[in-house]
Amino acid sequence: MENLFKVCLTVLTIWNSFGTEMVIVSAEGRSSGSSYFVFQQPAYPRDCKEVVNVCSSTHNTSGVYLIKPDGYPEPFEAYCNNDLDAGGWTVLQRRRLDSVNFNRSWKDFRNGFGFLGSEFWIGNEKIAYLTNQKRYQLRMDFENVAGETYFVTYDDFRISDEWGKYYISSLGTFVISDESKIEWCPANEIFSNETCERTCEDPDTCISATSRTETEQCVCIGDFLRQQEQCIPLKQCNCFVADKGSVLTEGTFYINSRCTRNSTCRNNQLIKDRSYQCSEHATCDERNGVHKCYCNDGYEGDGVTCTREVIPRDCYELYVSGTLSDGVYTIYPDGWPRGIQVYCEMESNGGGWTVFQRRSSASVNFYLGWSDYKNGFGNQNHDHWLGNKYIHSMTNQKKYQLRIDLRDSASSSKYAVYSTFSINSETDKYRLSVGSYSGNTGYDSLADSNNKQFSTKDEDNDGWSSYDCAERHRGAWWFYEFLHCRKDKSASHCRSYCPNYG
């Protein structure tokens, strides 16, 4: 049998200080391979002190024996340490290598758990019966990280029954064998190799194992957080929020469940704003784990202040919202939530014009195919075509005017305005619809193009089988079927308008 000090970190033992003895053994038996003594008479030793006095043939060997305290219904096994002093110590607990889990329920500690040959708790119910039958001394043996051993004793140890929650009703005088070997932890801390410790300033971050300078040290336990050199209860941290039940980190906030108070941690102090209130256009809600006021759809802001969200569908909506300079902007026509880039003319002709074509030089080739005219090409700051798919979406979301500005080689300017303008979808070949004409060009150039489909060099939709007007004009437009040809200096020309020659 090994010496108890070689296998125990903490051993709680009790010993009958009065040394009362009763001879009750009439026969003994030993089971194979174990240190069991079976008493065949109705009476049993009441503790390990009586085992030593009764079982003279054991030669004071430490081991497992049957004992039965006064009033306890049945005898039970206990580990008796006979290597300390004169022996007779009843071991209540042995804990050293954490091979047995001590984080257990009330029932487990009441009944006992573990293995008497290694780590165990004998059970509070047994301890209550044991310590209330006579006067006992309590001894606790320890070993520090340096391998040095020491012990402490209390000369009168007794606990109450379960009805009294096993309250320690008596301890008596405290004695320590060598105080220099004790390594005390401050209040609310334990000596451990635990790798995670939180602080009031940063309660969500643990101290990493690599930051430790010792294998074991005093650490905060449970709901205690470190604040400078002390471990204090969670509730005493400066940025503790009772509603949340936790501590805020620096710069973070917490809105209560009714959105009537905003608590913010600033400079390790909790600042409470009791005037916090949702806007009439906001909702108190939790989204992505954050509880606060959120502006309703169509509004933007911090939830306390919400203004109608400006999502410009065209350059005119940008203009009325205060954008007054010419340039390229992002608009969001119906069906294009990510927006498109357009050139907005804001400084002339009343402002708010969305430019879908500019052609001022030969720098950009306009003799392109259907796909190019569908998706757009060129540079919005210079010559370009916006794209029929965008023009369709934009001109069908509300009523629009069309303005065409022209300048000849002599820098003479003309314009034409149409009261309404829209084009159909691609399935109808982007068919044109324009209203009444006004302007100073002298004629209505789009009158015959009205209700006509769009044509490109690879999509001939002009309705005239004899000629491809897009190919003849080296461009694309809403050409029409009565675009007849005439002889002019021996060359055939497709015109936007020409008389019907017989």
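The values are calculated or read from the model by the stated rules, or taken from the named source; none is laboratory data. Predicted model only: the values in this text are computed from it and were never measured. Every residue, glycine as well, gets a Cβ built from its backbone with ideal geometry; the counts of neighbours run over all protein chains shown. When the accessible area is computed, the model is the full protein with side chains, heavy atoms only, and any ligands, DNA or RNA have been set aside. Shrake-Rupley method; radii C 1.70, N 1.55, O 1.52, S 1.80 Å.
Here is how the numbers come out for the structure above:
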quantity: Of all residues making up the range 367-381, the number that are polar (S, T, N, Q), more than 44 Å from the chain's Cα centre (by Cα) and either surrounded by 18 or more Cβ atoms within 10 Å (Cβ to Cβ) or not in a loop (DSSP other than H, G, I, E, B) (or both); calculated: 1
quantity: Among (1) among the basic types (Lys, Arg); (2) in contact with a strand residue (DSSP E or B) (Cβ under 8 Å, 6 or more places away or on another chain); (3) under 25 Å from residue 434 (Cβ atoms), the one test that residue 308 misses; calculated: (3)
quantity: Members of the range 334-346 found to be modelled with pLDDT of 95 or more and in a loop (DSSP other than H, G, I, E, B), listed by number; calculated: 346
quantity: All positions within the range 468-502 that are modelled with pLDDT under 80, in a strand (DSSP E or B) and closer than 24 Å to residue 362 by Cβ; calculated: 488, 491, 492, 493, 494
quantity: Restricting the range 414-425 to residues that are at pLDDT 95 or above and loosely packed, with under 14 Cβ neighbours inside 10 Å, the residue that is nearest to the chain's Cα centre (by Cα); calculated: 425
quantity: In the range 147-175, the residues that are open to solvent by 70 Å² or more (accessible area, probe 1.4 Å) and in contact (Cβ under 8 Å) with a residue 12 or more places away in the chain; calculated: 148, 158, 161, 173, 174, 175
quantity: Close pairs from the range 217-239: first of a type in the set (A, V, I, L, M), partner open to solvent by 50 Å² or more (accessible area, probe 1.4 Å) and not in a strand (DSSP E or B), Cβ under 7 Å, at least 6 apart; calculated: 219/194; 221/188; 225/198; 234/223
quantity: From 276, 329, residue being at pLDDT 90 or above and closer than 25 Å to residue 389 by Cβ; calculated: 329
quantity: Neighbours by Cβ (under 6 Å, 6+ apart or cross-chain): first from the range 102-113, under 17 Å from residue 165 (Cβ atoms); second acidic (Asp, Glu); calculated: 110/125
quantity: Set 150, 136, 154: member being in contact with a helix residue (DSSP H, G or I) (Cβ under 6 Å, 6 or more places away or on another chain) and within 27 Å of residue 182 (Cα to Cα); calculated: 150
quantity: Subset of the range 74-100 (residues that are open to solvent by 90 Å² or more (accessible area, probe 1.4 Å) and over 25 Å from residue 147 (Cβ atoms)); calculated: 74
quantity: In the range 134-156, the residues that are over 44 Å from the mean Cα position of the chain (by Cα) and either modelled with pLDDT of 95 or more or not in a loop (DSSP other than H, G, I, E, B) (or both); calculated: 136, 137, 138, 139, 140, 141, 149, 150, 151, 152, 153, 154
quantity: Looking only at the range 206-224, and only at residues there that are modelled with pLDDT of 80 or more and out of contact with any Cys (no Cβ under 7 Å at 6 or more places or on another chain), the one that is surrounded by the most Cβ atoms within 10 Å (Cβ to Cβ); calculated: 219
quantity: Residue tally, condition surrounded by 14 or more Cβ atoms within 10 Å (Cβ to Cβ) and in a loop (DSSP other than H, G, I, E, B), over the range 347-366; calculated: 6
quantity: Selection count, the range 382-404, where residues are assigned to a loop (DSSP other than H, G, I, E, B), open to solvent by 50 Å² or more (accessible area, probe 1.4 Å) and farther than 17 Å from residue 362 by Cβ; calculated: 4
quantity: Matching residues in the range 66-124 - criterion: being hydroxyl-bearing (Ser, Thr, Tyr) and part of a loop (DSSP other than H, G, I, E, B); calculated: 72, 99, 105, 118
quantity: Filtered residues of the range 441-467 (kept if modelled with pLDDT under 85 and open to solvent by less than 70 Å² (accessible area, probe 1.4 Å)); calculated: 463, 464, 467
quantity: Filtered residues of the range 268-279 (kept if open to solvent by 60 Å² or more (accessible area, probe 1.4 Å), in contact (Cβ under 8 Å) with a residue 12 or more places away in the chain and not in a strand (DSSP E or B)); calculated: 274, 277
quantity: Residue 70 surrounded by fewer than 19 Cβ atoms within 10 Å (Cβ to Cβ), over 57 Å from the mean Cα position of the chain (by Cα) and under 23 Å from residue 154 (Cα atoms); calculated: yes
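Let's see how each residue does on (1) surrounded by 14 or more Cβ atoms within 10 Å (Cβ to Cβ); (2) not in a loop (DSSP other than H, G, I, E, B):
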site: 226; (1), (2): yes, yes
site: 231; (1), (2): yes, yes
site: 251; (1), (2): no, no
site: 254; (1), (2): yes, yes
site: 292; (1), (2): yes, yes
site: 297; (1), (2): no, no
site: 312; (1), (2): yes, no
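The rows are residues; the columns are (1) modelled with pLDDT under 85; (2) buried (at least 16 other Cβ atoms within 10 Å of the Cβ); (3) polar (S, T, N, Q).
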{"residue": "41", "(1), (2), (3)": "yes, no, yes"}
{"residue": "46", "(1), (2), (3)": "no, yes, no"}
{"residue": "52", "(1), (2), (3)": "yes, yes, no"}
{"residue": "107", "(1), (2), (3)": "no, no, no"}
